[in-house]
1. Find the strands (runs of 3 or more DSSP E) located wholly in chain B whose residues include 3 or more that are under 24 Å from A:GLN37 (Cα atoms) and touching a Ser or Thr at 6+ places or on another chain (Cβ under 9 Å), and list them.
2. How about the range A:85-96: which of its residues are at the interface with chain B (Cβ under 7 Å from one of its Cβ atoms) and at pLDDT below 90?
3. Quick one: which residue in B:PHE42, B:PHE109, B:PHE47, B:PHE90 is of a type in the set (Phe, Trp, Tyr), in contact with a Lys or Arg (Cβ under 6 Å, 6 or more places away or on another chain), within 14 Å of chain A (Cβ to nearest Cβ) and under 23 Å from A:LYS103 (Cβ atoms)?
4. Looking at A:SER86, A:SER68, A:SER79, A:SER73 in this structure, which one is in contact (Cβ under 8 Å) with a residue 24 or more places away in the chain, out of contact with any helix residue (DSSP H, G or I) (no Cβ under 9 Å at 6 or more places or on another chain) and in a loop (DSSP other than H, G, I, E, B)?
5. Would it be correct to say that A:LEU11 is within 14 Å of another protein chain (Cβ to nearest Cβ) and part of a strand (DSSP E or B)?
6. Counting only residues that are within 19 Å of B:ALA96 (Cβ to Cβ), among the hydrophobic types (A, V, I, L, M, F, W, C) and either touching a residue at least 60 places away in the same chain (Cβ under 8 Å) or more than 8 Å from chain B (Cβ to nearest Cβ) (or both), how many does the range A:35-56 have?
7. Against the definition (touching a residue at least 40 places away in the same chain (Cβ under 8 Å) and buried (at least 16 other Cβ atoms within 10 Å of the Cβ)), how does B:ASN17 come out, yes or no?
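The values are calculated or read from the model by the stated rules, or taken from the named source; none is laboratory data. All values derive from a computational prediction rather than experimental measurement. Glycine gets a Cβ as well: all are built from the backbone with ideal geometry, and neighbour counts include every protein chain shown.
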Amino acid sequence: SQQGEEDPQALSIQEGENATMNCSYKTSINNLQWYRQNSGRGLVHLILIRSNEREKHSGRLRVTLDTSKKSSSLLITASRAADTASYFCATAGGGADGLTFGKGTHLIIQP
Amino acid sequence: DTAVSQTPKYLVTQMGNDKSIKCEQNLGHDTMYWYKQDSKKFLKIMFSYNNKELIINETVPNRFSPKSPDKAHLNLHINSLELGDSAVYFCASSQAPGTGYSYNSPLHFGNGTRLTVT
């Protein structure tokens with residue numbers, strides 16, 4: 001299975017601190033994507049990193065990908081209360097099984 | 001200007017009933033999906049569909065059937081509902097590039113339909 005697994009399952013930090021979440025997967029991938037899910041809402045795409053890329057930035061988000069270790073990390077800098085949500089990584093292997101999601105990291109930003 | 005919309009938002013029904021969830025996207029995407037999110041927030045793909053092919057996750061019971069009247073709609077019909085079908089169902093769409101099954105495009109999700117089977 002290509003299922004990603006996020007670590008930690010839950011993370012609580014103070015506003016202004018940086019938050020780091022990790023994702024590990026099992027097989028080769030075409031790309032890896034990160035999504036955010038606010039309570040009671042659908043998932044929102046944050047960033048996509050291809051298998052030949054090592055790092056990508058988008059605003060306060062920084063994503064790294066290490067295909068040799070089959071892992072990725074999502075860093076949110078200068079966290080805000082509005083960043084409180086669940087964060088999921090999803091892998092695409094290029095096959096017919098589409099995106100495979102991990103179980104998510106629940107991030108709580110304390111004001 | 002909701003991009004992917006699902007109805008209803010909540011659905012409470014009894015075991016054995018048949019129900020449908022509707023999904024519409026106004027993004028002009030050519031591929032639509034149904035995902036199931038269980039109580040532990042685990043998301044699992046059920047179907048992906050474009051105007052060429054329906055791909056079914058083999059673990060999905062045949063009581064579940066997607067129906068697409070046109071490119072902008074992918075409805076989910078569920079027969080003989082069971083307690084274990086209780087979950088949140090998400091519709092999503094993407095513009096899959098080129099041919100084949102490359103998922104190099106972000107998915108756009110609806111806000112989900114919370115199905116409770118009693």
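1. Per the criteria, B:4-7, B:10-13, B:19-25, B:31-37, B:43-50, B:87-94, B:113-117.
2. A:ALA92, A:GLY94, A:GLY95, A:ALA96 - these are the residues of the range A:85-96 that are at the interface with chain B (Cβ under 7 Å from one of its Cβ atoms) and at pLDDT below 90.
3. Among B:PHE42, B:PHE109, B:PHE47, B:PHE90, only B:PHE42 is of a type in the set (Phe, Trp, Tyr), in contact with a Lys or Arg (Cβ under 6 Å, 6 or more places away or on another chain), within 14 Å of chain A (Cβ to nearest Cβ) and under 23 Å from A:LYS103 (Cβ atoms).
4. The match here is A:SER79.
5. no
6. Qualifying residue count, the range A:35-56: 2.
7. For B:ASN17, the condition - touching a residue at least 40 places away in the same chain (Cβ under 8 Å) and buried (at least 16 other Cβ atoms within 10 Å of the Cβ) - is not met.
Here's the yes/no breakdown for (1) touching a strand residue (DSSP E or B) at 6+ places or on another chain (Cβ under 6 Å); (2) without any contact (Cβ under 8 Å) to a residue 12 or more places away in the chain; (3) among the aromatic types (Phe, Trp, Tyr):
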site	(1), (2), (3)
B:VAL12	yes, no, no
B:TYR49	yes, no, yes
B:ASN57	yes, no, no
B:ALA87	yes, no, no
B:SER94	yes, no, no
B:ASN104	yes, yes, no
B:THR113	yes, no, no
